[in-house]
Amino acid sequence: MATIEFGHQLEKTTKSLKPFALKLTNDIDEAKDLMQETVLKAYKNREKFSEGTNLKIWLYTIMKNIFISNYRRMIRRTKNLQNLNIGASSTENIVFISFAVNDIQNVINQLSEVQRVPFMLHFHGFKYHEIAEQLQIPIGTVKNRIHLARKELKIKLRTKEHS
C-alpha cells in the first residue's frame, strides 16, 4: 500500500480508536496521548502492515501493546519508588493500588475460560459481533457470557473488599 493511501486509511480509522483508548485509560487526556502514540507507531511501521489485513484490528493491537508497555513501565516505577522508602503515605497508596490491580487480575483469572475469553476481548475493545465472529458463537451467547462474567466479578470483588 502506498504511503499516501496508508495515511488516508489511517486517518479514516483513527476516529474509531477513541472509545477503546478511553476504555483502557479512563482519562480523556491519557486517551488522547495513547491515540497519538498509536498513530505515530502505526505510521512509522506502515511497511509491516500487510494489505488485506484489517487496519482497525491492527491499530487496536498496537494501542493495546502500547498501553500494556506503559502500564508495565508504571509498575516498575512504582516498585522502584517502594524501594526508595519515600514518605510512608505515598508508599501506602502505591502498595494499595498494586494490591487492587492484583486482586482484580486474580478474580478475572478465576473466571471460567468460557466467560473470561469474551470478557477480555470486550475489555480490549472488540465489539460483540467481532467477538462472535472470532469465537464462532452467536452474538447473544457473547453478550450473555460477558454479562455473567461482569456479575461474577462484581460479587467476588465485593467479597474481597469486605474481607
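The values are calculated or read from the model by the stated rules, or taken from the named source; none is laboratory data. In this text the structure is predicted, and so the values were computed from the model without any measurement. Because the Cβ atoms are built from the backbone with ideal geometry, glycine has one as well, and the counts that use them run over all protein chains shown.
Among the residues of this structure, ILE62 does not count as one that is closer than 18 Å to LEU22 by Cβ, modelled with pLDDT of 80 or more, surrounded by fewer than 13 Cβ atoms within 10 Å (Cβ to Cβ) and out of contact with any Phe, Trp or Tyr (no Cβ under 7 Å at 6 or more places or on another chain).
Please tell me if ASN144 is surrounded by fewer than 15 Cβ atoms within 10 Å (Cβ to Cβ) and either among the aromatic types (Phe, Trp, Tyr) or at pLDDT below 90 (or both). Talk me through it step by step, then tell me what you get.
Working: surrounded by fewer than 15 Cβ atoms within 10 Å (Cβ to Cβ): yes; either among the aromatic types (Phe, Trp, Tyr) or at pLDDT below 90 (or both): no.
The answer is no for ASN144.
Of everything in the stretch 1-59 that is of a type in the set (Phe, Trp, Tyr) and farther than 18 Å from HIS122 by Cα, the residue that is surrounded by the fewest Cβ atoms within 10 Å (Cβ to Cβ) is TYR43. Could you run through the stretch 30-68 and say how many residues are free of Cβ contacts under 8 Å to residues at least 24 places away in the same chain, closer than 22 Å to GLU130 by Cα and among the polar types (S, T, N, Q)? Residues in the stretch 30-68 being free of Cβ contacts under 8 Å to residues at least 24 places away in the same chain, closer than 22 Å to GLU130 by Cα and among the polar types (S, T, N, Q): 5 in total. Would you mind stating whether THR91 is among the β-branched types (Val, Ile, Thr), more than 18 Å from the chain's Cα centre (by Cα) and at pLDDT below 90? Against the criterion (among the β-branched types (Val, Ile, Thr), more than 18 Å from the chain's Cα centre (by Cα) and at pLDDT below 90), THR91 qualifies.
Conditions (1) under 23 Å from LEU22 (Cβ atoms); (2) touching a strand residue (DSSP E or B) at 6+ places or on another chain (Cβ under 8 Å); (3) loosely packed, with under 15 Cβ neighbours inside 10 Å, marked per residue:
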{"residue": "ILE104", "(1), (2), (3)": "yes, no, yes"}
{"residue": "PHE119", "(1), (2), (3)": "yes, no, no"}
{"residue": "GLU133", "(1), (2), (3)": "no, no, yes"}
{"residue": "PRO138", "(1), (2), (3)": "no, no, yes"}
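Can you list the helices (runs of 4 or more DSSP H) lying wholly within the stretch 1-81 that have 1 or more residues being more than 17 Å from the chain's Cα centre (by Cα)? Correct list: 3-14, 28-44.
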